[in-house]
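First up is the structure itself, then whatever we jot down about it.
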Number of protein chains: 4
Amino acid sequence: MYKKILQDIKDEIEPLFEQGQVANYIPALANVNPNKFAMSVYLLDGSYYGIGDIEDKFSIQSISKVFTFTQSMGIYGEELHKRLGLEPSGNPFNSLIRLENEDGIPRNPFINSGAIVLADMLVSKYKKSASDEILKYIKNVSDNDDILYNEAVYKSEKVSGYRNYALVNMMKSFKNIKNHTADVMSTYFKHCSIEMNTKELSRSMLFLANHGIDPITNKKFLTSSQSKRVSAVMLTCGHYDASGDFAFRVGLPGKSGVGGGIVAIIPGKMSVCVYSPKLNSKGNSLIGTKALELFTTKTGLSIF
Amino acid sequence: MYKKILQDIKDEIEPLFEQGQVANYIPALANVNPNKFAMSVYLLDGSYYGIGDIEDKFSIQSISKVFTFTQSMGIYGEELHKRLGLEPSGNPFNSLIRLENEDGIPRNPFINSGAIVLADMLVSKYKKSASDEILKYIKNVSDNDDILYNEAVYKSEKVSGYRNYALVNMMKSFKNIKNHTADVMSTYFKHCSIEMNTKELSRSMLFLANHGIDPITNKKFLTSSQSKRVSAVMLTCGHYDASGDFAFRVGLPGKSGVGGGIVAIIPGKMSVCVYSPKLNSKGNSLIGTKALELFTTKTGLSIF
Amino acid sequence: MYKKILQDIKDEIEPLFEQGQVANYIPALANVNPNKFAMSVYLLDGSYYGIGDIEDKFSIQSISKVFTFTQSMGIYGEELHKRLGLEPSGNPFNSLIRLENEDGIPRNPFINSGAIVLADMLVSKYKKSASDEILKYIKNVSDNDDILYNEAVYKSEKVSGYRNYALVNMMKSFKNIKNHTADVMSTYFKHCSIEMNTKELSRSMLFLANHGIDPITNKKFLTSSQSKRVSAVMLTCGHYDASGDFAFRVGLPGKSGVGGGIVAIIPGKMSVCVYSPKLNSKGNSLIGTKALELFTTKTGLSIF
Amino acid sequence: MYKKILQDIKDEIEPLFEQGQVANYIPALANVNPNKFAMSVYLLDGSYYGIGDIEDKFSIQSISKVFTFTQSMGIYGEELHKRLGLEPSGNPFNSLIRLENEDGIPRNPFINSGAIVLADMLVSKYKKSASDEILKYIKNVSDNDDILYNEAVYKSEKVSGYRNYALVNMMKSFKNIKNHTADVMSTYFKHCSIEMNTKELSRSMLFLANHGIDPITNKKFLTSSQSKRVSAVMLTCGHYDASGDFAFRVGLPGKSGVGGGIVAIIPGKMSVCVYSPKLNSKGNSLIGTKALELFTTKTGLSIF
């Protein structure tokens, strides 16, 4: 059944390939093939369905924030919320406006400022090995050793990520960054530059669809309650200021990245990942969003 | 089972009655007994469980926005979205700030400005009988003829609702209000002044837990897709700038009113309503939120 | 000398008549002849120079705020500043944004919200005769009985001034309006609809160029200190969010109106008024601003 | 006459020494003697009057922005305004909010972001010797070789000026900074750390009181028109979001620094400088502002 559904989706999204814009703020991202498309479905019982360029690795970018959020939650628990909120911001992902009026406390972990605070918390915990520990964690939840970050993307963001430097300095001025801004930003840019394909990403999120426990390895990463809460934040904040629209159209907790990937969770059932590098005006994969909308329509799966 | 759970919840929330503040912006709301508590659970099969002051009617206030939203969606469908958005606003329920920068288009139907646009659309459709038609619709989805608005609350809001008059005039200046502001506001204040009890409210929302169809009368109010979408908006926007927190703690689509009521939907299963008039700093029932959090914890029910 | 300067200015601004837009938000203003031009110079010794359509009356609009500000200052003195500030707002004249974050206290008396607070204070003082008393005051400072408000402009603004109704209701919700909003707005719209010509307006402001005392009638309207302060507020706030630009180019305290008039004060020397109905993007007379810039350049008069 | 006036002012401000707060964001500023007071008056004819600690050098901080503004204006003329505005911002001196909504173009040269753009323009012009050229310019307008920057203050701001790093990175993301952010910030922090006393500062601004020409050395730094314009910007923007209040109370173009200094210009007559390190809530010298208010009251000097 899923095989046919994926094929139908692929056929239906074909005419949309003209639309959207590949992210162009760094050359390493601008050079991808704009017509790539992949979609992967991983069920809790371990069965897997994929279509398109499912072996092609791409820059996961902001999807990595799900990993640092769950990793930090595992370490810090509720204490996390002293340093970042859980509310949709209603502003673009890189906005500084609310920070200035809200004492440098980011609205949620999925806007850039929030993820930078998470990076700071992981640097506080792991010092110089923070980046290594993040990668190790991602390999662990993915049950996959073949995950790397892309040096060119990392360096490119490091030299040109002015808006993110503005964010970290703003929060530092409010004392909501505890470590050296350079160390925090290296860690942040590094995890954003990690590359994975849709098969790997759908695999990596299975624990969020299964109460915090990987259904295949049985490793426990979060409590059931924490896992539910991560999903709730993905639903309300996972797509920046298009989160409401995504919830409205797709009806699933999800997280997008500017590299063109989107992962979505169907609690108790499966994890889905889609990839297509052209973005809509809000910075989310245009075709990816459409494909997920078709997927929930065709399968009748939704949390609502 | 639900009987015991409701009793346990009631026992556990007892110590919280000291906290919070009854809404005091109009006398009619300030005079309620602050220690009232009621909780009702209505299952799709028609079975019902309740505890506390379940017969006591209270002012449903913003919960009425769910009714005008579904009623307008039934009439206007997707066209609705030309005049209001679907995104969490990240601002208080009565904020004018975004309106000024976003051409008078409200962020979503559940902040005051959004609901005022809905009232305007219903006035465009039903002219002078808009208020009657809204009440008729609510009676219809509730399968209950014994629903009235409270004249004193209505009049009180009409003479003192300055912030709401500011909102409607602001949107009128952007031509996003088509009728006379006085007619629109009468309609808006009237549906906010409707009184219902938790039993009636939980009954009235059953169609949203059942793909748009009342499971008892079999009347169809929305398509399955529309019903899902209403739930999505309730989840992302139902509690103003505490919507993320509610999703995080409770994990259900819900809508609160400043009168102290909250309704929540468990898709495919039931509708729950709780009432307690003391509010937290965001204007949502303090004990009501806690009771729903306990309910999802104890039952394990959540959409995530 | 002034005769020649005025003639030179008229010649130089000729090529600019193609530019700008007549105010069109009410029909009564949109119907004026866009090519009108008048400029009047009134010296403290009573000598007068004029060029162009100096007998043509036009809608003084926001210039009337100078009169209600000085009238209120005469009545309330420093107490005024409990209810409105003295700072440039940095926002458009009709913005509600700061009001929401600053407890309904307008930034200064020359943005709409500030002038509406002044109208409220004058209604508190004069009740039903507030409009009459304002007109009487203007006749008094002008030493001229032939000043009227325009009924058509007044009514037009009264039925369509939604943004101003939004402002008054917003401030009323913060309790910074003490009287009925309808009474306040009638008073406000009435004084905005007053009609005067450049000769009359330049005459009316002479007391501000002479330490608060009319140099011809010797009537005292303000103390020397109050008169200086009014000029300071005109300089920093007299042209909305183009006040800095006006100070930079013209270098005189001034006040513009959307009807196309601008008055400027040269302390200790004279009062100047210019009229041309086409406006720049900030809502100030395009040619009027240019004419005043030329006037200060040619005469070498400036406060700096 | 001025001697007696200065003595009277000193007596009258005595009781205020309890109020206000010394700037404490860097240790080098926090360690000053809070009871210092000095006031200097320099007339165009070269006569000088001073009282108090007139030989004590202090950190001129933001007063240095007047020098970089006039220096840049001399180099770039009107072209300057492509990269920064001339309007009061209505926001605190270090706010990022408007930058985000206005494409990284600062409102005016006297808020931090504006002065950072000026530093960038001077780095574009002078490359590595920008700091030297700024110091040379200040010595030149001051006719004084004994002016130095304070290494400790400079280093202290360089390691802790997070908010300023946020500003420069924000503007860099909008491409309104052309050089390396580190070079720009070194230049900016260096000129802010310059130390002068009130005698030197009052001397240094004489050219602005004399149409751009130093009345003693006869060196020309600005055209008459440019000089007027600098004064206009000082009046409307010289005291951040207290500029209107300063214009209202003092009625002179002026510029304050967080080190406790304020300079003011009386066009055609003199330059005045006052120093007292305790600040009011807006970051301007509390006693300095009061002393200047007394000065204009006692002398009757004002531009209005």
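Each value in this text was obtained by applying a stated rule to the coordinates, not by laboratory testing. Just so we're clear, the structure is a prediction, and the values are computed from it rather than from any experiment. Cβ: placed from backbone, ideal geometry, glycine included. Neighbour counts: every protein chain shown.
Quick notes on this one:
- Counted residues, the range B:185-218 - those being of a type in the set (A, V, I, L, M, F, W, C) and either under 18 Å from residue B:93 (Cα atoms) or facing another protein chain (nearest Cβ under 10 Å) (or both): 5
- Taking the conditions (1) more than 22 Å from residue B:57 (Cβ to Cβ); (2) within 16 Å of the chain's Cα centre (by Cα) in turn, residue B:226 satisfies each one other than (2).
- In a residue-by-residue description of the range A:71-83, the property of being of a type outside the set (Ser, Thr, Tyr) and touching a Pro at 6+ places or on another chain (Cβ under 7 Å) applies to no position.
- Failed condition for residue C:195, given (1) in a helix (DSSP H, G or I); (2) touching a residue at least 40 places away in the same chain (Cβ under 8 Å): (1)
- Residue within the range D:247-263 that is of a type in the set (S, T, N, Q) and touching a Leu at 6+ places or on another chain (Cβ under 8 Å) present: no
- For the range A:94-129, a residue qualifies if it is more than 20 Å from residue A:257 (Cβ to Cβ), more than 14 Å from every other protein chain (Cβ to nearest Cβ) and among the aliphatic types (A, V, I, L, M), and the qualifying residues are A:121, A:123.
- Qualifying residue in the range C:244-254 (condition: touching a residue at least 24 places away in the same chain (Cβ under 8 Å) and under 12 Å from the mean Cα position of the chain (by Cα)): yes
- Criterion (in contact with a helix residue (DSSP H, G or I) (Cβ under 8 Å, 6 or more places away or on another chain) and buried (at least 20 other Cβ atoms within 10 Å of the Cβ)) met by exactly one of A:48, A:42: A:42
- The range D:155-167 residues that are more than 12 Å from residue D:181 (Cβ to Cβ) and within 11 Å of chain A (Cβ to nearest Cβ), paired with ones that are crowded, with 19+ Cβ neighbours inside 10 Å and among the basic types (Lys, Arg) (beta carbon under 8 Å, 6 or more apart): D:162/A:172
- Selection within the range C:78-93 - more than 9 Å from chain D (Cβ to nearest Cβ) and touching a residue at least 12 places away in the same chain (Cβ under 8 Å): C:80, C:83, C:84, C:92, C:93
- Selection of the range A:223-265 for residues being closer than 21 Å to residue A:294 by Cβ, among the aliphatic types (A, V, I, L, M) and more than 10 Å from chain B (Cβ to nearest Cβ) yields A:262, A:263, A:264.
- Any hit, the range B:7-25, residues being in contact with an Asp or Glu (Cβ under 9 Å, 6 or more places away or on another chain) and in contact (Cβ under 8 Å) with a residue 60 or more places away in the chain: yes
- Taking the criterion of being loosely packed, with under 14 Cβ neighbours inside 10 Å and either within 15 Å of residue D:54 (Cβ to Cβ) or not polar (S, T, N, Q) (or both), the residues of the range D:9-23 that qualify are D:11, D:12, D:14, D:15, D:18.
- Any hit, the range C:24-31, residues being of a type in the set (A, V, I, L, M, F, W, C), assigned to a loop (DSSP other than H, G, I, E, B) and buried (at least 17 other Cβ atoms within 10 Å of the Cβ): yes
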